[in-house]
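Data first, discussion second: the structure below is written as structure tokens.
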Amino acid sequence: MRATSFLTLWWGLVVATTLTAPAQPIAATDPQPRRLEATPVFQTAFELVGGLIILRNLTLNGRQGDFVLDTGCSTALLVDSGPFAGQLTPLREHATAHGTTGTVAIKGLPVTNFQLGAARYTGFAAHAFSLEHLRRYAGPRLLGVIGYGLLRDYEVVIDYPRRRVYWYTLRTKKPAPRPFARQDSLAFVVVRGGPIVTGTIGAVQVRLLLDTGAVNNDLDAAFCQRLAPREQPTRSGAEFVTGSDGHQQVAQRGTLPTLVLENITWKAVPVLILPHARPISGRELAYQGVLGFPFLSQDQVVSFHFGRQQLYALVPVTPRK
């Protein structure tokens with residue numbers, strides 16, 4: 001396993017609310033995204049930008065641009081507030097998005113049409129705040145992030161070598177055939193919109209977020225102090241990281257000697273060590289670290305099956321003639 005970037009762009013977004021009531025708001029409990037057709041399977045091409053999966057030329061409310069596929073984002077769509085400034089509406093409850101380095105206030109964007117490959121959605125509110133720092137990294141045409149609120153209706157197959165995402169809908173009586181064989185699986189649970197796996201580092205249990213929106217793996221600095229000295233990451237230098245609020249902080253590069261997930265032992269796992277900011281509510285995060293691109297791309301083809309709550313390692317199967 002290897003680190004891939006000197007910049008961490010990690011979301012892990014969780015919506016926290018406090019009671020306020022601006023005029024003519026969007027309700028925080030708006031309907032879920034409504035899909036307007038029933039294509040059982042489709043595919044979209046993507047580009048890798050430093051480990052981020054960028055889906056090009058999607059259409060949102062008549063505007064075409066790029067989106068990050070982010071399993072660590074709890075909302076359906078997170079959009080850049082700048083391009084949609086004239087369409088934003090306050091949420092009924094003051095809402096904040098939580099990331100590595102802090103929180104940001106968010107607004108709502110009524111979605112009249114979102115085109116994701118062959119799938120078209122309407123009838124919900126996207127969350128919006130400034131993604132300017134991410135646009136500088138992912139490209140000027142970035143419009144937003146696709147998260148769990150949309151992904152949960154699919155088995156999402158990510159083919160890293162071929163740069164393809166295959167979307168198999170779970171809302172059908174007759175599942176489409178999968179031209180893949182499953183080699184390994186890793187169970188996860190969805191907590192506050194994020195897929196979390198449980199493992200051990202030495203004798204200490206650890207919960208880790210499976211996050212396609214992270215270009216590195218990371219561990220919370222306070223959690224690392226709980227590990228036995230021989231189990232702690234060996235440190236090799238410092239670098240800046242950028243969180244979802246646009247703030248930078250210094251993290252330590254390191255290598256975790258071992259990580260056990262179910263019956264599989266991973267060795268020499270590259271990680272960034274940094275303090276995780278807590279939500280403004282003060283409650284603890286549901287995880288102590290993140291497994292991002294260096295971990296997820298090892299098997300080349302992986303599947304997030306949100307119905308079975310399994311991460312699969314896949315190999316293509318050639319159809320019989």
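The values are calculated or read from the model by the stated rules, or taken from the named source; none is laboratory data. This structure is a prediction, so every number in the text was calculated from the model and none was measured. Here the Cβ is made from the backbone with ideal geometry for all residues, glycine too, and neighbour counts use every protein chain on show. These area figures cover heavy atoms from the full protein model, side chains too; ligands, DNA and RNA do not enter into them. Shrake-Rupley method; radii C 1.70, N 1.55, O 1.52, S 1.80 Å.
Measuring between their Cα centroids, the range 119-163 and the range 185-256 lie 23 Å from each other.
Between R308 and R278, the simple label model (points 7 Å from Cα in the Cβ direction) yields a spacing of 3.8 nm. Between N216 and L9, F293, the built amide H atoms are under 5 Å apart, and every one of these is 5 or more places off in sequence or on another chain.
Extension gain, I264 to R163, is 33.7 nm, computed as 0.36 nm per intervening residue step minus the present C-alpha separation. Computed log10 I(q)/I(0) for the range 152-236 at 0.17, 0.19, 0.22, 0.23 Å⁻¹: -0.93, -1.07, -1.25, -1.31, from the Debye equation with unit scatterers placed on every C-alpha and solvent omitted.
May I ask you to order 288-294, 262-268, 154-160 by the average number of other C-beta atoms within 10 Å around their residues, highest value first?
288-294, 154-160, 262-268
Fully extending the segment from R141 to A203, taken as 0.36 nm per residue of separation minus the present Cα-Cα distance, adds 17.7 nm.
Stokes-Einstein diffusion for the range 154-204, with the hydrodynamic radius set to the Kirkwood value over Cα pairs and evaluated at 4 °C in a medium of 1.567 mPa s, equals 93 µm²/s. Can you pull the percent of the range 188-321's accessible area that's carbon plus sulfur, 1.4 Å probe, other chains left in place? Heavy-atom surface of the range 188-321 belonging to carbon and sulfur, 1.4 Å probe: 51 percent.
Spin-label pair A187-A105: with each label point 7 Å from Cα along the Cα-Cβ axis, the two points sit 4.3 nm from one another.
Taking trypsin sites (Lys or Arg not before Pro) across the range 169-209, the ones in a DSSP loop with at most 15 further Cβ atoms lying within 10 angstrom of their Cβ are R171, K173. Placing dummy labels 7 Å off each Cα toward the beta-carbon, the span from E37 to A228 is 5.7 nm.
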